[in-house]
Number of protein chains: 2
Amino acid sequence: MGWGDLGAFGEPSKETPNLDQMAAEGMLFLDFYTANPLCSPSRAALLTGRLPVRNGFYTTNGHARNAYTPQDIVGGIPDSELLLPELLKKAGYTNKIIGKWHLGHQPQFHPLRHGFDEWFGSPNCHFGPYNNRERPNIPLYRDWDMVGRYYEDFKIDLKTGEANLTQLYLQEALDFISKQQASQQPFFLYWAIDATHAPVYASKQFLGTSQRGLYGDAVREIDDSVGKILKHLQQLGISENTFVFFTSDNGAALISAPKQGGSNGPFLCGKQTTFEGGMREPAIAWWPGHIPAGGVSHQLGNVMDLFSTSLSLAGLQPPSDRQIDGIDLLPVILQGKLIDRPIFYYRGNELMAVRAGLYKAHYWTWSNSWEEHGKGIDFCPGQSVAGVTTHTQEEHTYLPLLFHLGRDPGEKYPLSFASEEYQQAMGRISGLVQQHKDTLVPGQPQLNVCDQAVMNWSPPGCEKLGKCLKAPESDPKKCSWPH
Amino acid sequence: MGWGDLGAFGEPSKETPNLDQMAAEGMLFLDFYTANPLCSPSRAALLTGRLPVRNGFYTTNGHARNAYTPQDIVGGIPDSELLLPELLKKAGYTNKIIGKWHLGHQPQFHPLRHGFDEWFGSPNCHFGPYNNRERPNIPLYRDWDMVGRYYEDFKIDLKTGEANLTQLYLQEALDFISKQQASQQPFFLYWAIDATHAPVYASKQFLGTSQRGLYGDAVREIDDSVGKILKHLQQLGISENTFVFFTSDNGAALISAPKQGGSNGPFLCGKQTTFEGGMREPAIAWWPGHIPAGGVSHQLGNVMDLFSTSLSLAGLQPPSDRQIDGIDLLPVILQGKLIDRPIFYYRGNELMAVRAGLYKAHYWTWSNSWEEHGKGIDFCPGQSVAGVTTHTQEEHTYLPLLFHLGRDPGEKYPLSFASEEYQQAMGRISGLVQQHKDTLVPGQPQLNVCDQAVMNWSPPGCEKLGKCLKAPESDPKKCSWPH
């Protein structure tokens, strides 16, 4: 989902009344970012509070390449990483993930081995259908065991776009919340639904209800679901005890437009890129009785802050034995403070850009290669800024391209290198980058090796369902990451 | 000002708390249009309720050329046109225009000859400064007489961007409203300020206050002023008796970006074009006690509707002896109705595009000529959609380019000509266009002839001020309209 997909963020069809209401009752973050323009690294960052280059969710197979966890990936979240639910356990929290895990699907990466107590969802994206010969269909798990596969037991009709998955995930959330409220147990719910990822789907009751086509139907279903979750918290009388944060894992995928693509509002390009359209996210904090209604914040925020903020809410300290990139947003949310901190835009192993205040410096520019672009893969459809949306990887390390995101949110007008403004802003940013690079200890890259043998052939529990498939011979090779 | 310039419409700096509050208390129009992507024709359409091609505010000097009223224009609003204030007079209204008139500056076009009772402002844009030899500086009028000239008596500092004009216009508005309230007289105030038109300016107290640079300072000053006007109405106890509508006369001028350019949000291109960025406008209706707070409408609206709606509010009928293009929006505003009506997008004498429902058909596409583009004049900076943002005038009359503005607000993905959806939508639109063209009686074009002798050399009242200048010999010629 992109920054521009909610009514509160200026989507012209304005079809998200529940999320808009959530913002009106809570705090809207206009300068909130993901840690990576792709799903797996973003989610790994959220749960560890650390940049993907630290927690291992990146590749070194190529320079500045996006990577994620398709089902032939060998790697996953390292045991050495401390995940938010692992820490929250210490404060008595029950932790549940509903939806897409995406931090590795081999047994050692299972979410219940990394702090979660419950899981209903899938380890990978709902791509498919597959024929179960070259590639198995993606399994869904309930806790330790698979309970079926997408397209087989959990239908997605690619022709009509119908699938009731968001409804299943919603009901699962409501039930979990009810159970926790009944048992008076604190809980952490990571509601990481697949929608609006392509192939886009919505339940029958939402199909055809949006001005925006199928993608809009999916957005409406999410909006409706969030509304139901918030209402449920209120009806159970625990809304003033429950902190809720809504955001997305990367910008809208413009390659899926117009039928399945979202909106990044006035920003440049989309998912896969380190332009604003790829990494600035819709974000809303909600906590009645604590967050003043109608708040708006320009705090530079990041999904990694949800790690630190959640620990703070639970009265816990972040780990002191490692670098944590997230910050505690509670002073921002509760007292309206602004914390000075940079945003780092990575693509794989390369620091592509840095934002400090209203300035953003690009050290590398790249949309995608001419070769990929020639195949019709376009991360910036209809947009082209000379020297900025480049189709070769352009290095600007010695003279970064600098933009003022207040005057130029669309990153169209680089500041003159000779200007005093450039000199001043770059002086500050250069120091931040130097410090960042000097102290950076990259993690072991997890997204380098792919092997068809590790695919979801025989997930735990497959025997009971008669859904075990025979894995082919192991044939590990370097994963191919074209972007 | 553009659709994307207000916080309520998704401007990322969200610096318009008063306009956002106006929207929260009133009704937000997300699909509201101007009648022309340029100032003069738009304003003529607002005040006559008629398309510029009917009321004469167009040119036939070239095909599909935008034209306006620079100070060497010979034409202006014809006597045969009935303006909103002329009609409101019949219902006892006192009518005032504050700001830019722009419907002709020769004596016969004076606003007080066309229904206004009072005027404080200028007949033309605040371009300058001029040397008063080749070209006089633009005069400001109070009612019948000039009271000074821009850059001489009404300072605009092009270097710092400082000018207190919006403050003067605000005070004038507050005083007029007070006077009318005191005398218990109904009034029509047309607050047609120059800001945010380039050269962009703001008062000292607003300079440097925006994240968005000088343009944002000007937006903030407008926002603050609107807030003060609404508050004044409330304090005088007449807010429930006063209908207020905020909108703009054309999309943001992207040629002035980034230092003086605004935002058209997710829409394509800007001022001068018939893409959404040129013609879709921010729009808010406010009338406490009548309009339900927090309303949102997808009614296809047009500045011409303000003519018909205002007449309806005053209990008057629109003229029956001529075609009126505006519609009465009161059923929309007060009862939430949706009225099925098309939007016609003209450039000069050519119907470039038509919107019906969510479909928009382009019969002609053009941004600007290669020649103008080569001079650095770019109405679509950073945007380029093959076959759409064309630099030659491309005719699509026999096979219009069709867009679905819900799925594709950015006009990037024309529908397949072979699709059933195309056939169905075009069947309907073709009928609307046929009917429109069959019944169209173009007015006498007013924007064809320019003459340096008609410039503002010696406006009425210049003697008293010693500000009369000698006009050169009359030398009428065809005006040059490159766009």
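Loop-located GluC sites (Glu not before Pro) in region B:118-213 (DSSP state not H, G, I, E or B) with no more than 13 neighbouring Cβ atoms inside 10 Å: B:134. Restricting the calculation to alpha carbons of chain A gives Rg and Dmax of 21.4, 69 angstrom. Of the trypsin sites (Lys or Arg not before Pro) found in region B:388-483, the ones in coil according to DSSP and having at most 16 other Cβ atoms within 10 Å of their Cβ are B:470. For region A:148-250, the spread of Cα positions along the three principal axes, ordered from largest to smallest, is 44, 32, 26 Å. Using only side-chain charges placed at the Cβ, +1 for Lys and Arg and -1 for Asp and Glu, the dipole size of region B:350-439 relative to its Cα centre rounds to 260 debye. Between amide H atoms placed 1.01 Å from N, distances below 5 Å from residue A:449 occur with A:74, A:75, A:479, all of them 5 or more places distant or on a separate chain. Dimensions of region A:350-439 from C-alpha coordinates, computed as largest minus smallest value along each principal axis and given longest first, are 41, 31, 20 Å. Chains A and B together bury roughly 2700 Å² of accessible surface, counting both sides and using a 1.4 Å probe on protein heavy atoms. Taking only the C-alpha atoms of region B:191-239, the Rg (one decimal) and the largest Cα-Cα distance, Dmax (whole number), read 12.4, 37 Å. Under Stokes-Einstein, with the Kirkwood radius over Cα pairs as Rh, the value for region B:392-471 at 20 °C and 1.002 mPa s is 120 µm²/s. Across region B:207-329, Cα-Cα distances exceeding 22 Å account for 50% of all pairs. Of all beta bridges that DSSP places with both ends in the protein assembly as shown, some 70 percent have antiparallel geometry.
Inter-label distance, residue B:241 to residue B:155: 4.1 nm, where each label sits 7 Å from its Cα along the C-beta direction.
Within the full protein context, the accessible area of residue B:284 is estimated at about 0 Å² for a probe radius of 1.4 Å. The equivalent ellipsoid of region B:101-178 has semi-axes of 22, 18, 9 Å, largest first, where each one is the square root of 5 times an eigenvalue of the Cα gyration tensor. By the equivalent-ellipsoid construction on the alpha carbon gyration tensor, region A:44-171 comes out with semi-axes of 25, 20, 12 Å, ordered largest to smallest.
Comparing each chain alone with all protein chains together (probe 1.4 Å, DNA, RNA and ligands left out), the residues of region B:362-387 losing at least 20 Å² of accessible area are B:381, B:382, B:383, B:384.
Counting every C-alpha pair in the protein assembly as shown, the share spaced more than 57 angstrom apart comes to 15%. When the trypsin sites (Lys or Arg not before Pro) in region A:112-182 are filtered for DSSP coil states and for at most 12 other beta-carbon atoms within 10 Å of their beta-carbon, the remaining sites are A:133, A:159. Taking the centroid of alpha carbons for each part, region A:191-230 and region B:193-235 are 39 Å apart. Rounded to the nearest 500, the 222 nm mean residue ellipticity of chain B from helices alone is -7000 deg cm²/dmol, with -39,500 (n - 2.57) taken per DSSP H run of at least 4 residues. Which of the listed residues, B:433, B:390, B:351, is farthest toward the dipole's positive end in region B:350-439, when Lys, Arg count +1 and Asp, Glu count -1 at the beta-carbon? Farthest along the dipole direction, towards plus: B:433.
Given in Å, the Rg to one decimal and the Dmax to the nearest whole number for the Cα atoms of region A:23-63 are 13.4, 46.
Largest accessible area first, the residues A:473, A:11 order themselves as A:473, A:11 under a 1.4 Å probe with ligands, DNA and RNA left out.
Normalising by the residue count of region A:334-479, find the relative contact order in percent from Cα pairs under 8 Å and 6+ residues apart. Relative contact order for region A:334-479 comes out at 16 percent. Oblate is the label for region A:2-106. Its Cα gyration tensor axes, ordered a ≥ b ≥ c, give a/c of at least 1.5 and b/c at or above a/b. Over all projection directions, the Cα-based convex hull of region A:293-431 averages an area of 11.5 nm². Using Cα positions and a limit of under 20 Å, work out the lysines in reach of residue B:337, with same-chain residues fewer than 8 apart set aside. Correct list for residue B:337: A:14. In this structure residue A:449 has an accessible area near 60 Å², from a 1.4 Å probe over the protein heavy atoms. Can you give the % of DSSP beta bridges in region A:50-184 that are antiparallel, to the nearest 5? Given both bridge residues lie in region A:50-184, the antiparallel proportion sits at roughly 65 percent. The heavy atoms of residue A:203 present about 10 square angstrom of accessible area, all protein chains included, probe 1.4 Å. The mean sequence separation of alpha-carbon pairs under 8 Å and at least six residues apart, normalised by the residue count of region B:7-341, gives a relative contact order of 26 percent. Of all DSSP bridge pairs formed entirely within region A:7-341, close to 50 percent run antiparallel. Per residue, chain A exposes 36 Å² of accessible surface when a 1.4 Å probe is rolled over the protein heavy atoms with every protein chain present.
Each of B:320, B:211, B:302 was scored by the projection of its Cα onto the charge dipole of region B:210-339, and the greatest displacement toward the positive side belongs to B:211; charges sit on the C-beta of Lys, Arg, Asp and Glu. Extension gain, residue A:296 to residue A:397, is 32.9 nm, computed as 0.36 nm per intervening residue step minus the present C-alpha separation.
If R0 equals 45 Å, the separation of the Cβ atoms of residue A:90 and residue B:234 corresponds to a calculated FRET efficiency of about 0.25.
The values are calculated or read from the model by the stated rules, or taken from the named source; none is laboratory data. No experiment lies behind these values; they were computed from the predicted model shown. Neighbour counts are summed over all protein chains in view; Cβ atoms, including those assigned to glycine, are modelled from backbone coordinates with ideal geometry. Heads up: the accessible areas ignore ligands, DNA and RNA and are worked out on the full protein's heavy atoms, side chains in. Shrake-Rupley method; radii C 1.70, N 1.55, O 1.52, S 1.80 Å.
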